[in-house]
Amino acid sequence: LHAYLRIRQLSLLLPFPFIEQSLKAVYLSYARSAKFATSEIHWPTLTFLGNCIVELYGLDHVSGYQHGFVYIRQLALHLRAAISKKDAGSLRVVYCWQFIHCLKLWGAVLSSAVSEVGGHDVNGQVNESELKGLVYPYTEVVYGTLRLLPTTRYLPLRFHCVRMLQQLASCTESYIPTSTILLDVLSLKELSLKPKRPPKKSKAIPQVLRLQSTLKLPKTDALRSMEQLEGCLTEVFRLLNREIDLYRYSPAFPELAILITVRLRKFAKETKVGKWRTYAKSTIDICTQQTEQIMTLRANLTETPAQINKLEFCLPSSGKGGGPRTMRERHANSIDKEKRLENPDYHKNSHAIVAPKEQEQTKKALFSESSKTARKEKGVISKKQIEEETDSSGMEGDDNMDEDETDGIVNDKQKDSKSKLKGKVVPSKKKKQRTKKTKTTPISADEAMKEEDEVQDGVDWSDSDDE
């Protein structure tokens, strides 16, 4: 933080060439750090660095435009190489976390710079940022990225790109269509197949699909498990409703809603899952209701379509409650609602936020064979109690009790039994108890990094701008 504050202070005080060097240095540092930010552990630091870069590029939009042009063009060159060659190495350069993080950074820079500038100049024209000229090439790079390999396995990456485009559209108040990309997911053949379920004898705990920290689905049986289908279709309807909310006050909304309603009605007839049918019908009702309102407002307009130069031309004036919010405020409100209501770390039994890794560790500690045999050796529980725990392991209730609490209860019982047996001779039973020892080999940090970075070689960033 102190280093960033000093860089910002020097960029404002020192003469012109210094800000050019600082903008170049901070972006290259971000690009190199993004190569290793493949898990959620490193994302807070990378997000903080990205926010600092966004503020630095907002100090001088002219210099920011020059550097943005060079580095967005660099991303476009990598994308062009992947399209022309279509080999594993070039595809790996684009479909990695480093490339996606850099796209997200430039989307944040453009969104912040365009939304900061406002008002009118002396001639009555709207003040526009110099960085607004990079919105179109950036959009084309994002479109090319999500269409590079349109397979089922890379659905999470497409969702990341759709979120970038919706953020940019909300801040620039421009129409960037993403509904066709989302509706194409409903035409996948995997949705019509019966999902594969894990075998009954398997003791593996089903893991929830976290799309925010995922770029691709497993190579085998992609989108075949119930968890993957649930996560991907929920994300499709969430993003689709967000786009409807963005363009709800556009005069062209009825024409946009036709494509959505027709495809969703077909999907509602084909699907056999009641939950997805309910999602489709609720989205259709929203489109129908908003279409009727826009058609009523459009019938009373005196302007011709050529005279309408604003996307939200049908936005009502603010009333007593503050009136409808702008596109940017509606988008920010939907993001906050998503984080507040659908937080994947929310533990329903304890009503607290628990990390997914901690949940897996507690479940393994409670239900694994090694922990049960170890407790049996100590004389803590009997065989009947072990069988009752295994039978009721899938039920909610007292199974979520911490190990510390159970140890305290058992210790109290042992004390009571010892106090009763004082003064009595207890015959000793010399029987060998056969115990199953489970070997646990700890995974080193190097092996974990190798497992995560199998396909994520990333882009080789250099200090030169020749690329």
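Every number here is computed from the coordinates shown, using simple stated rules; none is lab data. Note that the coordinates shown come from a computational prediction; the quantities given were computed from them, not determined experimentally. Cβ placement follows ideal geometry from the backbone for every residue including glycine, while neighbour counts extend to all protein chains displayed.
Key figures
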| quantity | calculated |
| --- | --- |
| Estimated D of the stretch 229-320 in µm² per second, where Rh is the Kirkwood radius over Cα pairs and Stokes-Einstein applies at 37 °C, 0.692 mPa s | 226 |
| Among the listed pairs K219/K269; K104/K216; K86/K275; K216/K339, those beyond 27 Å (Cα-Cα) | K219/K269; K86/K275 |
| Surface/4 of the Cα convex hull for the stretch 216-278, nm² | 5.3 |
| For the stretch 53-106, the Rg and Dmax computed from alpha carbons only, in angstrom | 13.2, 40 |
| Descending semi-axes in whole angstrom, ellipsoid equivalent of the stretch 35-152, from the Cα gyration tensor | 29, 18, 11 |
| Theoretical FRET efficiency, 1/(1+(r/R0)^6), r = Cβ-Cβ of K281 and K216, R0 41 Å, to 0.05 | 0.85 |
| Using a Förster distance of 35 Å, the FRET efficiency for R153-Y175 (Cβ separation, nearest 0.05) | 0.70 |
| Cross-link pairs K35/K132; K189/K310; K24/K132 - those with Cα-Cα distance over 30 Å | K189/K310 |
| Difference of contour (0.36 nm per residue) and Cα-Cα distance, M295 to N333 | 11.1 nm |
| Net lengthening on full extension, V70/K85 (0.36 nm per residue, minus Cα-Cα) | 3.2 nm |
